[in-house]
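Colleague: Once you've had a glance at the structure underneath, I'll fire off some questions.
The values are calculated or read from the model by the stated rules, or taken from the named source; none is laboratory data. Note that this is a predicted model, so its numbers are computed, not measured. Positions of Cβ are generated from backbone atoms using ideal geometry, with glycine treated the same way; all protein chains shown enter the neighbour counts. Heads up: the accessible areas ignore ligands, DNA and RNA and are worked out on the full protein's heavy atoms, side chains in. Shrake-Rupley method; radii C 1.70, N 1.55, O 1.52, S 1.80 Å.
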Amino acid sequence: MNFELTEEQSAIQDMARRFTAEQVTPHAAAWDEDSTFPRETLNKAAELGFGGVYVAEEHGGIGLSRVEAALIMEALSYGCPSTAAFISIHNMATWMIDAFGSDDVKQRYLPDLTTMTKIASYCLTEPAAGSDAASLKTSAVLDGEHYVLNGTKAFISGGGVNEVYVVMARTDQGSQAGGISCFVVDKETEGLSFGAQERKLGWHSQPTASVIFDNCRVSKANMVGQPGDGFKIAMQGLDGGRLNIGACSLGGGQRCLDDAVTYVKERRQFGQRIADFQNTQFMLADMKTQLEAARALLYIAADKVSKNAIDRTQWAAMAKLLTTETGSKVVNDALQLHGGYGFLRDFPIERFLRDLRVHEILEGTSQIMRFVIGREIVAD
Ligand code: COS
């Protein structure tokens, strides 16, 4: 067993950290405050290959494993979890096209997606189908050379802004998960429209809206995989997405721990640095221990997803559960160590607290993660 990063992995991590320090961290508070979508920064990230981190090199990606993807998401999230997670979602949707699309779909979409000339949204959730994703109702009915899509997708990152939508829709009413297919839909397609931008607790640097299909005609050639494959494609996408979201929680948690260490060394009360109180050191000790344990689990899970291990889904779920809950706890403790200042917008902690909270919900709630882990444990 070797727990050291390879030279190449360290170089990738350094590159992502440098990019974050120069292009993300200085602007993240303003993006949050003004709900600015940092499109230009995303394009710069794509110049480093971050638009297709685990897309094959022959299709324009940089062909890395999920471990390197986790390192990149962690580094980006140190500056802005919201922007990092947006890049992750684009990578998930783009990978689904690369892994399951026909040569024709890949050729038409991947060059623009890997360069982030176009950005992709992942469309699974519906107003009445969240955790029970297989109950989705958006229909896709074959009509000649097209499928006609009707229905609404909810909470879609990039909704109304992104150019490409990777959509799970029901082509067979007769079966639940097995009746779902996956389509690539262009923003300009007739019959596609968007709800108002959602107002959210966090994740302000990324737009979120409903995506509405009203007799939206999508070419048969835009199906990804075979009819009925959509649910499995979506779940496989999520195995990787969950790792990335977990990595974003670790990056955000690490940033807040580092900020807390700086703060407690400067802040004096009762005639001494608050860093010198044992309570402070015990809190920092727990925060670091919990982050490192969660990080180790995440990298093991990422390795399993990269290698397509049989138990990858369960490990990705364990990693998401632990990293997202740990990230939130560490940020909350960092805020506590900042006292009243942590509650002010003058310090970044409150933004991280708001941004990380949703990681315990999206791409599968902590409760769904426990369900996925638990049912495997008792499976015969
Ligand atoms: N990879 C590949 N295949 C998978 C898979 C995965 N990770 N997860 C499920 N499948 C397959 C199953 O093997 C099953 O295939 P068979 O019919 O051939 O046996 C099929 O997909 C249906 O899966 P399952 O029976 O597990 O479906 P359920 O409806 O029981 O449960 C859960 C699926 C609850 C796990 C799923 O709906 C889920 O993850 N929900 C959370 C949704 C979510 O994360 N939403 C966030 C959207 S992005 S913000």
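Colleague: Given the conditions (1) touching a strand residue (DSSP E or B) at 6+ places or on another chain (Cβ under 8 Å); (2) surrounded by fewer than 24 Cβ atoms within 10 Å (Cβ to Cβ), report the number of the one that Asp103 does not fulfil.
Modeller: Looking at each condition in turn, Asp103 falls short on (1).
Colleague: Now for a separate question. How about region 144-192: which of its residues are loosely packed, with under 15 Cβ neighbours inside 10 Å and closer than 23 Å to Arg39 by Cα?
Modeller: Within region 144-192, just Glu188 meets the criteria.
Colleague: State which residue pairs qualify: first residue within 19 Å of Ile156 (Cβ to Cβ) and inside region 357-380, second residue of a type outside the set (Lys, Arg) and near the ligand (Cβ under 10 Å from one of its atoms) in any location, beta carbons under 6 Å apart, and separation of 6 or more residues or different chains.
Modeller: Hits for this filter: His359/Ile245; Glu363/Leu238; Glu363/Gly241; Glu363/Ile245; Ile368/Ser131.
Colleague: Suppose we filter Phe270, Phe213 for residues that are at pLDDT 95 or above, surrounded by fewer than 23 Cβ atoms within 10 Å (Cβ to Cβ) and farther than 29 Å from Trp315 by Cα; which single one remains?
Modeller: Details: Phe213 fails: surrounded by fewer than 23 Cβ atoms within 10 Å (Cβ to Cβ).
Within the list Phe270, Phe213, the selection yields Phe270.
Colleague: Here's something else I'd like to know. Between a residue in region 129-147 that is closer than 14 Å to Gly178 by Cα and of a type in the set (A, V, I, L, M) and any residue that is within 8 Å of the ligand (Cβ to nearest atom) and open to solvent by 20 Å² or more (accessible area, probe 1.4 Å), which pairs come within a Cβ distance under 6 Å, given they are 6 or more apart or on different chains?
Modeller: Ala134/Gln176; Ala134/Ala177; Ala134/Phe231
Colleague: Let me ask something else about it. Suppose we filter Pro111, Pro127 for residues that are surrounded by fewer than 16 Cβ atoms within 10 Å (Cβ to Cβ) and closer than 30 Å to Thr41 by Cβ; which single one remains? Write out each step before concluding.
Modeller: Values: Pro127 fails: closer than 30 Å to Thr41 by Cβ.
From the options Pro111, Pro127, the qualifying one is Pro111.
Colleague: Among the residues in region 232-240, are any surrounded by fewer than 22 Cβ atoms within 10 Å (Cβ to Cβ), of a type in the set (Lys, Arg) and closer than 22 Å to Ala317 by Cβ?
Modeller: yes
Colleague: Also, I was wondering about something else. List every residue pair whose Cβ atoms sit under 6 Å apart, with the two residues 6 or more apart in sequence or on different chains, where the first one lies in region 151-177 and is more than 14 Å from Ala234 (Cα to Cα) and in a loop (DSSP other than H, G, I, E, B) and the second, anywhere, is away from the ligand (no atom under 11 Å from the Cβ) and of a type in the set (Phe, Trp, Tyr).
Modeller: As it stands, the answer is Gly159/Phe194; Gly160/Phe194, since those pairs meet every condition given.
Colleague: Exactly one condition in (1) more than 13 Å from the ligand (Cβ to nearest atom); (2) at negative phi is false for Val167; which is it?
Modeller: Of everything listed in (1) more than 13 Å from the ligand (Cβ to nearest atom); (2) at negative phi, Val167 misses just condition (1).
Colleague: Applying the selection to region 3-46, what residues are touching a Leu at 6+ places or on another chain (Cβ under 8 Å) and either assigned to a loop (DSSP other than H, G, I, E, B) or crowded, with 20+ Cβ neighbours inside 10 Å (or both)? Steps first, please.
Modeller: Quick first cut of region 3-46, residues touching a Leu at 6+ places or on another chain (Cβ under 8 Å) only: 5, 9, 12-13, 15-16, 19-20, 24, 45.
Leu5, Ile12, Ala16, Phe19, Thr20, Val24, Ala45, listed by residue number.
Colleague: Do any helices (runs of 4 or more DSSP H) lying entirely in region 47-144 carry at least 1 residues that are among the polar types (S, T, N, Q), within 16 Å of the ligand (Cβ to nearest atom) and over 24 Å from Gly230 (Cα atoms), and which ones are they?
Modeller: 81-100
Colleague: Scan region 285-313 and report the pairs whose first residue is within 13 Å of Ala247 (Cβ to Cβ) and at pLDDT 95 or above and whose second residue is open to solvent by less than 40 Å² (accessible area, probe 1.4 Å) and of a type in the set (Ser, Thr, Tyr), with Cβ atoms within less than 6 Å and a gap of 6+ or a chain change.
Modeller: These pairs meet every condition: Ala294/Thr323; Ala294/Thr326; Leu298/Thr323.
Colleague: Given the residues Ala260, Ala301, Ala293, which is the only one that is assigned by TED's automatic domain parsing to the domain that holds Ala334, in a helix (DSSP H, G or I), open to solvent by 50 Å² or more (accessible area, probe 1.4 Å) and among the small types (Gly, Ala, Ser)?
Modeller: The match here is Ala293.
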